[in-house]
Amino acid sequence: MVRGTIANVTTNGSPPQRLQELARLRRVRDRMDREYAQPLDVEALARGVHMSAGHLSRRFKEAYGESPYGYLMTRRIERAMALLRRGDLSVTEVCFAVGCASLGTFSSRFTQLVGMPPSVYQRQAAAHAAELPSCVVKQVARPVRNREARADEPQLA
């Protein structure tokens, strides 16, 4: 059995049950995409789709390859990168604007996903902003976990 794929979610239960569960997982993911700046926790997300928090976490990870919290933080960091590239907000303002309650957690997670602290990213983005079209910056600057990044991918720096 292959881990981290939608196929895992669809291999247990009857076809209508599998499709219903997939639809609920998509609703959770879509809610996180829409409401990333709101305080969201796994218990609240699970209640919204009538699942237990543990079951939601397990099935979400099987379907999408990461925990609901990890997915939400990736969305928040992705939005934070865009705000930092704009350059008109401080790192602290960006942290709170994307829904993070702790500057330390935000900075740690940002560094883990992007490979540099948010303040360094902001300085480098400002220095390179005029050099690249925004569509290229958006593609190159998408957060990717360091362990997943390929060595031949273009870097912003």
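The values are calculated or read from the model by the stated rules, or taken from the named source; none is laboratory data. Here the structure is a predicted model, which is why all the values come from computation and not from measurement. To get the accessible areas, we keep the full protein, side chains included, count just its heavy atoms, and leave off ligands, DNA and RNA. Shrake-Rupley method; radii C 1.70, N 1.55, O 1.52, S 1.80 Å.
What percentage of the solvent-accessible surface of segment 11-66, computed with a 1.4 Å probe over protein heavy atoms, is contributed by carbon and sulfur atoms?
Carbon with sulfur: 49 percent of the solvent-accessible area.
Taking Rh as the Kirkwood radius, which is the inverse of the mean 1/r over Cα pairs, what is the Rg/Rh value for segment 49-115?
1.07
So if I take the centroid of the Cα atoms in segment 19-36 and the same for segment 55-108, what is the distance between those two points in Å?
17
How do SER107, SER52 rank by accessible surface area computed with a 1.4 Å probe, from largest to smallest?
SER52, SER107
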